[in-house]
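Remarks on the structure that follows.
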Amino acid sequence: MSDSNSSQPLYAAREPVFPRRVSGPFRNLKWFILAVTLGIYYLTPWIRWDRGPSLPDQAVLLDMANRRFYFFWIEIWPHEFYFVAGLLIMAGLGLFLFTSALGRVWCGYACPQTVWTDLFLLVERWVEGDRNAQLRLHRQKKLDFRKARLRLTKWTLWLLIGLATGGAWVFYFADAPTLARDLVTGNAHPIAYSTMAILTFTTFFFGGFAREQICIYACPWPRIQAAMMDEDTLVVGYREWRGEPRKHSPAVKAGAEQGDCVDCMACVNVCPVGIDIRDGQQLECITCALCIDACDDVMARIGKPRGLIDYMALSDEARERAGQPPRSVWKHILRPRTIMYTALWSLFGIALVFALFIRSDIEVTVAPVRNPTFVTLSDGSIRDTYDVRLRNKHGEERPFQLSIAGDPALELSLEGRDGGIVPVPADTALLQRVYVVAPKGSAPAVSGRTDLRIWVEDLASGERAYKDTTFNGKGD
């Protein structure tokens with residue numbers, strides 16, 4: 001190994017990226033997505049939803065204390081976590097679908113790292129000026145009053161954004177107006193303050209200083225995405241056969257005809273990760289398409305057709321080099337891989353919606369008490385004990401009537417209650433101890449095991465639910 005190679009560092013220090021402001025359809029789309037996603041994140045905890053007098057009126061709430069997840073009219077209980085698992089699977093399949101069709105389009109438009117970095121860049125330009133002004137300030141070695149004032153102003157605004165981000169996050173776990181008042185008065189739980197502090201710091205650091213380093217080094221998705229992509233995936237690319245040779249290349253200086261690329265560096269100057277798309281597809285590219293806006297603007301000014309940098313598929317390269325038009329966008333998007341992802345995504349969605357609409361508002365679980373398995377009473381009858389959990393998902397108290405089906409000799413009684421009716425409070429799971437008795441000499445008393453079904457009926461609505469179990473006798 002040569003000395004020059006052995007002396008190269010394993011890690012190069014980060015060169016700050018100061019992307020230039022650009023306008024165009026893709027930049028406008030990114031502004032729209034930024035406004036929508038940040039609006040949803042910051043405002044959702046403050047939306048009210050009337051569920052009745054005994055239930056929280058926050059539209060979206062992760063109630064960890066009571067183990068509930070509320071989403072507008074939907075309430076998810078702990079034993080219904082499969083709904084959350086299904087949504088996570090759908091999110092993964094959706095990510096696979098978009099990556100297969102359009103590359104890292106999620107990273108370029110809707111990833112939280114991208115959205116908050118765009119917001120921090122907006123603040124940075126507002127305080128320090130556009131790219132040239134930021135570069136002059138960065139290269140200025142002397143820390144004078146102006147540089148200190150601009151940096152402190154920028155960092156203060158970044159910290160406020162980070163604080164708002166952490167504050168919005170904790171509002172999803174408690175009633176937002178109440179928690180906001182407790183936070184201001186110092187009465188909130190220490191976990192709320194510590195969570196806000198951690199999220200404030202991470203937002204401040206990731207969006208303000210780490211930026212593209214998170215996308216390049218910390219995020220695993222750039223290394224996974226290749227498994228979902230093929231030659232028909234539409235990605236941001238440079239039409240080298242049209243743009244080369246460039247204005248200042250040796251070929252042009254030797255008399256060759258110049259390509260459409262004028263080597264203005266506009267595509268590089270607007271890139272938020274600081275790469276040159278003309279060097280081909282790179283791991284760092286997040287497919288934000290800002291280089292397309294910048295290049296199209298230059299092409300319009302010099303009278304050249306747009307699309308020197310564009311969304312394109314590798315499978316169209318040979319056609320375009322031969323002067324033929326590329327295939328339709330829909331032919332690239334609608335192909336077996338994307339159709340398969342769409343079908344799987346739809347199947348999971350339909351299954352979740354079906355499960356949501358068929359689930360009952362009352363549920364019952366039965367756990368036989370095994371220590372002891374049965375008790376012989378003074379009159380010779382056999383008694384089994386069961387812990388029955390009754391779930392009332394309604395917004396008001398409901399009377400539940402318990403009964404049994406099986407051998408007619410069996411009798412049911414409830415601990416602490418006369419008759420078989422149990423009032424279950426609204427949105428509550430109530431544990432009720434139930435006794436089932438078989439008279440002396442009856443078939444259930446002398447046999448080993450007898451099938452038993454415990455029924456629960458909501459007397460207000462007539463809805464019923466049951467659970468099968470067994471009655472244990474002496475086994476004589």
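If you filter region 8-77 for chymotrypsin sites (Phe, Trp or Tyr not before Pro), then keep DSSP loop positions with at most 15 other Cβ within 10 Å, what is left?
Details: sites: 11, 26, 31, 32, 41, 42, 46, 49, 69, 70, 71, 72, 73; in loops: 11, 49, 72, 73.
When the chymotrypsin sites (Phe, Trp or Tyr not before Pro) of region 8-77 are filtered for loop state and at most 15 Cβ neighbours within 10 Å, 11, 49, 72, 73 remain.
Can you list which of the DSSP-assigned H helices in the chain have a Cα extent of 20 Å or more along the long axis and an average Kyte-Doolittle score of at least 0.5?
Working: long enough: 25-43 (27 Å, 0.93); 82-102 (29 Å, 2.06); 112-128 (23 Å, 0.21); 145-171 (39 Å, 0.56); 190-205 (23 Å, 1.26); 336-358 (33 Å, 1.64).
Flagged H segments are 25-43, 82-102, 145-171, 190-205, 336-358.
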From the C-alpha gyration tensor of region 362-472, pull out the three semi-axes of the equivalent ellipsoid (sqrt of 5λ each), sorted largest to smallest, in whole Å.
-> 27, 13, 12
Dipole in debye (nearest 20) - the chain, about Cα centre, beta carbon charges: Lys, Arg +1; Asp, Glu -1 = 1940
So which trypsin sites (Lys or Arg not before Pro) in region 22-128 pass both tests, a DSSP loop state and at most 15 other Cβ atoms within 10 Å of the Cβ?
-> 67
Could you give log10 I(q)/I(0) at q = 0.22 Å⁻¹ for region 262-341, computed by the Debye formula over C-alpha point scatterers of equal weight, without solvent?
-> -1.14
Those GluC sites (Glu not before Pro) from region 196-241 that are DSSP loop and have at most 13 other Cβ neighbours within 10 Å turn out to be 231
According to the Kirkwood expression over distinct Cα-Cα pairs, how big is the hydrodynamic radius of region 176-220, in Å?
-> 12.2
Could you size up the charge dipole of region 362-472 around its Cα centre, putting +1 on the beta carbon of Lys and Arg and -1 on that of Asp and Glu, and report it in debye to the nearest 20?
-> 320
Kindly write out, for region 379-388 in residue order, the coupling ³J(HN,Hα) from the Karplus curve 6.51 cos²θ - 1.76 cosθ + 1.60 (θ = phi - 60°), rounded to whole Hz, with x marking Gly and Pro.
-> 8, x, 6, 10, 10, 9, 10, 9, 9, 10
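Under 19 Å between C-alpha atoms is the cut-off here; go through the chain and count lysine pairs that meet it, provided they're at least eight residues apart or on different chains. Present the calculation step by step, with values, prior to reporting the outcome.
Numbers: 141/154; 142/154; 247/304; 393/467; 440/474.
Lysine pairs, 8 or more places apart or on different chains, close enough: 5.
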Taking a ≥ b ≥ c as the square roots of the eigenvalues of the Cα gyration tensor, with a/c under 1.5 meaning rounded and otherwise prolate when a/b exceeds b/c and oblate if not, region 1-144 is prolate
Output the peptides 192-201, 409-418 sorted from most to least packed, where packing is the average of other Cβ atoms within 10 Å over each peptide's residues.
-> 192-201, 409-418
Report which label in (i) 1.02; (ii) 1.33; (iii) 1.15 holds the value of Rg/Rh (Cα atoms, Kirkwood Rh) derived from the coordinates of this structure.
-> (iii)
Amide hydrogen neighbours beyond the local backbone of residue 381, cut-off 5 Å, H modeled | 440
Listed residue (285, 272, 261) projecting farthest to the positive dipole end of region 230-327, Cβ model = 261
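Computed from the coordinates by the stated procedures, all read-outs in this text should not be read as laboratory data. Fair warning: this is a prediction, and the values are worked out from it, not measured in the lab. All Cβ positions, even for glycine, are placed from backbone atoms using ideal geometry, and neighbour counts span all protein chains on display.
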